[in-house]
Amino acid sequence: MKKKFIPAIALMTFGFAQAEPLVVGYERFHSQAPSAVGGAILFSELGCANCHGESEVVIPRKGPSLENISSRVSRDWVVKFLKNPEAGRKGSTMPHMTHGLAGPEVDAVVSYLGSLGKGLKFKKARHANAERGSALYHEKGCVACHAPTSDFQGPRGSGLTLKSALAISLPDLKEKTTLTALERFLNDPSRYRPDGRMPHIPLEKQEIIDISAHLLDFQSSDPREERDLAPWPKVNRDQVAQGKSLVAKMNCASCHDFPGVEGTKMRPIPPSSSFNSGSCISGEPVKGQPHYHLTAGQRASLALYLKGEQSNTPDFGKGHLTFAAMNCYACHSRDGKGGPGVETDPFFIGNESLGDSGRVPPPLTGIGHKLQHDWLVGVLEGRGDRRVRPYLKTQMPAYPAHAEVLAKWLAKLDAAPGAKPIVLQPKDLKAGRTLLGSQGGFNCITCHNWGEQKSLGIPALDLSSLDRRLQPGWFRSYLLDPPAYRPGTLMPSLWPNGHSSLPDILDGDTERQIAALWAFIQKGEGLPTGFPDHRSGRFELTPKDRPIIQRTFFEKTGTKAILVGFPGDIHLAYDGQKSQPSLVWRGRFFDAYDTWFSRFAPFGKPLGKELYPVDHAGLKPARFRGYQIGPRGNPTFLSQPGDQLIEDSYRVEGGQLIRTVKWNQGSPPATAHPAGVNVEMVTGDRSKKYIYSWK
């Protein structure tokens with residue numbers, strides 16, 4: 001058996017130092033002792049089922065697409081990989097296929113592979129940022145399966161100390177491919193890896209380019225400077241024909257798709273077979289058969305599975321094999337199994353005010369019973385409108401080619417025919433509105449958004465669309481016992497032991513209260529009670545007789561923004577972090593609803609449409625010393641760059657914004673002005689007055 005504890009120095013290069021194939025679902029859950037369940041996972045993920053029988057995993061394992069490989073992958077790397085898959089990528093599940101071939105025969109196989117497809121033309125991007133790509137790689141979920149970069153300073157420490165023996169290693173990408181080819185792959189992984197083992201993470205084009213630059217350590221900002229893939233030699237027809245014949249003979253088409261080559265289903269392996277010699281899982285290679293460098297434990301697990309030892313194993317009936325094979329457990333738990341490991345957990349980040357629910361993907365326990373079919377299909381397809389947890393940095397990967405199959409399988413797997421239904425009573429609709437609200441209800445809106453209406457507190461997911469997402473039977477079961485679904489959740493038990501904590505609404509009838517909640521979510525109009533009246537505009541600040549000063553979070557200004565609204569429809573945003581004005585605008589001033597009623601207010605925007613940004617790039621930073629308000633309400637901002645004290649005052653007169661800058665010593669301070677306005681300057685004694693006007 002392989003050793004379970006690997007010295008840190010061995011992990012610094014990445015992954016395993018041994019030559020056996022790495023199947024994460026087996027290694028994580030079944031490598032401690034031989035088992036039929038572990039053997040079933042190996043039988044699928046090593047490709048045994050493609051030749052010898054059907055897989056227990058719902059999405060069969062396939063080899064990657066080799067179409068246009070000569071446009072995407074270095075020929076030298078392909079030769080190296082075919083001769084020894086372990087040398088191409090540590091832990092590769094590709095068996096040794098060419099151990100019985102002579103050198104010219106390997107060249108013939110490679111010539112045939114180079115003839116596949118019509119070639120690809122790449123359009124190189126114009127900008128790449130490897131540093132940004134590193135942040136994306138470590139935040140979007142890549143490190144759930146692959147190891148973090150050793151020098152990355154993550155949210156809770158350096159990736160060097162967080163290498164995992166479960167990490168799926170990457171090949172030497174510089175040796176294998178190019179920036180543009182890797183970008184093309186990451187843009188649509190399912191095109192090249194149709195079995196979904198490398199899923200599609202929905203990313204913007206620039207994000208894909210930046211991640212590719214990070215993985216290739218491409219430090220230039222201009223991808224047009226990257227090297228091109230060395231051209232493969234022109235194919236020789238005779239070599240191509242010989243290679244195609246060898247590919248057919250080795251039955252490569254059982255795992256890969258080749259035009260005009262059919263895979264051959266071989267007979268099942270008899271349970272009485274000797275696994276020590278004469279087969280593809282024997283210790284020594286057999287000419288004409290694939291060969292795997294298996295550990296004794298892997299070989300024993302396969303033997304147990306092939307001998308039918310799985311009949312009394314519960315994991316066979318709970319979907320475990322598929323979840324383990326497809327590594328869903330890297331991010332999700334199900335029935336208490338899986339979820340982020342000790343090494344990867346620190347890289348799951350988000351809004352920690354929600355506890356683990358705000359940073360770790362939700363459990364898959366009963367997911368086929370939880371979500372409606374159409375919604376689940378959309379989630380698995382990677383549709384943007386199905387993302388209901390924007391606070392999670394880790395993104396749900398997409399399986400577009402298998403979404404329908406997986407959704408139907410999950411529905412069958414998690415069917416709950418005994419779930420008690422919700423019985424709607426239209427007369428209780430009004431009670432549902434109260435129960436959701438904060439005035440005598442369960443205070444749901446304190447944590448949860450309602451459509452575009454932000455919650456009064458932490459920004460948990462939207463309640464208004466639950467009827468499109470959830471099945472009502474699951475909704476009822478969850479409300480009765482939230483911790484049973486997700487231990488440690490911040491969601492309280494509102495009906496402890498089945499008894500309502502609000503006995504005065506609907507006579508405290510638990511079933512009627514839950515049904516009333518569902519009824520209002522499904523059919524109710526308006527907002528739950530307790531939301532301040534936002535849409536009426538009653539929280540819009542309108543300066544009349546004096547300026548209005550409001551501190552807030554503000555777009556393009558930051559978290560220390562000070563807004564000044566002047567009578568006369570001219571307004572100012574001042575950046576208290578940089579001690580400089582950041583924006584002037586005309587028209588309506590500001591809506592303070594989010595600032596006043598949300599504990600996690602989003603960045604505000606000016607209500608006026610006529611914007612004049614101030615570019616203060618290049619100005620020396622100054623310490624902000626606060627502000628003073630004059631007799632007429634006009635502000636004077638105080639700053640201190642070094643030993644110099646600066647007073648920066650603003651007022652509005654006659655449709656003009658008048659700014660006066662005073663300093664106590666030294667040279668006049670550098671000053672930035674709003675773009676697109678007329679600027680008139682009047683110089684005084686250690687002062688300058690700027691008059692901003694519009695035509």
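Things to note:
- Of the criteria (1) in a helix (DSSP H, G or I); (2) touching a strand residue (DSSP E or B) at 6+ places or on another chain (Cβ under 6 Å), which one Thr365 fails: (1)
- If only residues of segment 231-260 that are under 13 Å from Glu105 (Cβ atoms) and out of contact with any Phe, Trp or Tyr (no Cβ under 9 Å at 6 or more places or on another chain) are counted, the one that is surrounded by the most Cβ atoms within 10 Å (Cβ to Cβ) is Met250.
- Counting only strands (runs of 3 or more DSSP E) that sit completely within segment 552-607, those holding 2 or more residues that are over 24 Å from Gly654 (Cβ atoms) correspond to 558-566, 580-586.
- Test: residue in segment 94-103 that is under 29 Å from the mean Cα position of the chain (by Cα) and either closer than 19 Å to Pro189 by Cβ or crowded, with 20+ Cβ neighbours inside 10 Å (or both): yes
- Positions within segment 51-79 being outside any loop (DSSP other than H, G, I, E, B) and free of Cβ contacts under 8 Å to residues at least 40 places away in the same chain, in sequence order: Val78, Val79
- Residue check, Val23 at pLDDT 95 or above and farther than 28 Å from Cys328 by Cβ: no
- Tally, over segment 346-355, of residues that are out of contact with any helix residue (DSSP H, G or I) (no Cβ under 9 Å at 6 or more places or on another chain) and not hydrophobic (A, V, I, L, M, F, W, C): 2
Condition check ((1) out of contact with any Phe, Trp or Tyr (no Cβ under 8 Å at 6 or more places or on another chain); (2) farther than 25 Å from Ala516 by Cβ) across all residues:
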{"residue": "Asp385", "(1), (2)": "yes, yes"}
{"residue": "Arg389", "(1), (2)": "yes, yes"}
{"residue": "Glu404", "(1), (2)": "yes, yes"}
{"residue": "Ala416", "(1), (2)": "no, no"}
{"residue": "Lys420", "(1), (2)": "yes, no"}
{"residue": "Leu429", "(1), (2)": "no, no"}
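- Qualifying residue in segment 455-462 (condition: over 25 Å from the mean Cα position of the chain (by Cα) and either surrounded by 19 or more Cβ atoms within 10 Å (Cβ to Cβ) or assigned to a loop (DSSP other than H, G, I, E, B) (or both)): yes
- Test: Val78 is buried (at least 20 other Cβ atoms within 10 Å of the Cβ) and either closer than 30 Å to Ala36 by Cβ or touching a helix residue (DSSP H, G or I) at 6+ places or on another chain (Cβ under 8 Å) (or both): yes
- Whichever residue in segment 296-312 is crowded, with 17+ Cβ neighbours inside 10 Å and in a loop (DSSP other than H, G, I, E, B) and, among such residues, is modelled with the lowest pLDDT: Gln310
- A count restricted to segment 357-374 and to residues that are at positive phi and within 13 Å of the chain's Cα centre (by Cα) stands at 0.
- Residues of segment 561-589 satisfying the condition of being among the hydrophobic types (A, V, I, L, M, F, W, C) and under 27 Å from Ala622 (Cα atoms): Ala561, Ile562, Leu563, Val564, Phe566, Ile570, Leu572, Ala573, Leu583, Val584, Trp585
- Scanning segment 384-406 for residues that are more than 15 Å from Asp462 (Cβ to Cβ) and either basic (Lys, Arg) or assigned to a helix (DSSP H, G or I) (or both) yields Lys393, Ala403, Glu404, Val405, Leu406.
- Residue count, segment 626-639 (criterion: touching a residue at least 24 places away in the same chain (Cβ under 8 Å) and either of a type outside the set (Val, Ile, Thr) or within 19 Å of Pro674 (Cα to Cα) (or both)): 7
- Applying the criterion of being farther than 26 Å from Pro60 by Cβ and among the hydrophobic types (A, V, I, L, M, F, W, C) to the residues of segment 234-261, the residue that is modelled with the lowest pLDDT is Val235.
- Members of segment 481-512 found to be part of a helix (DSSP H, G or I), at negative phi and in contact with a Leu (Cβ under 9 Å, 6 or more places away or on another chain), listed by number: Pro482, Thr510, Arg512
Here's the yes/no breakdown for (1) at pLDDT 90 or above; (2) surrounded by fewer than 20 Cβ atoms within 10 Å (Cβ to Cβ):
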position: Asp467; (1), (2): yes, yes
position: Gly473; (1), (2): yes, yes
position: Tyr478; (1), (2): yes, yes
position: Pro483; (1), (2): no, yes
position: Ser500; (1), (2): yes, no
position: Gln513; (1), (2): yes, no
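- Residues within segment 432-453 that are surrounded by fewer than 21 Cβ atoms within 10 Å (Cβ to Cβ) and in a loop (DSSP other than H, G, I, E, B), tallied: 8
- Residue within segment 113-122 that is touching a helix residue (DSSP H, G or I) at 6+ places or on another chain (Cβ under 6 Å), in a helix (DSSP H, G or I), in contact (Cβ under 8 Å) with a residue 12 or more places away in the chain and outside the structural domain of Ser164 (by TED's automatic domain parsing) present: yes
- The requirement of being farther than 14 Å from His96 by Cβ, over 40 Å from the mean Cα position of the chain (by Cα) and modelled with pLDDT under 90 is not satisfied by Pro285.
- Members of segment 407-423 found to be assigned to a loop (DSSP other than H, G, I, E, B) and out of contact with any Lys or Arg (no Cβ under 9 Å at 6 or more places or on another chain), listed by number: Ala415, Ala416, Pro417, Gly418
- Candidates Leu170, Leu101, Leu160, filtered to the one that is at pLDDT below 95 and part of a helix (DSSP H, G or I): Leu160
- Cβ pairs under 7 Å, 6+ apart, first in segment 486-512 and touching a residue at least 60 places away in the same chain (Cβ under 8 Å), second of a type in the set (Val, Ile, Thr) and assigned to a helix (DSSP H, G or I): Ile505/Thr434
The values are calculated or read from the model by the stated rules, or taken from the named source; none is laboratory data. Predicted model only: the values in this text are computed from it and were never measured. Neighbour counts are summed over all protein chains in view; Cβ atoms, including those assigned to glycine, are modelled from backbone coordinates with ideal geometry.
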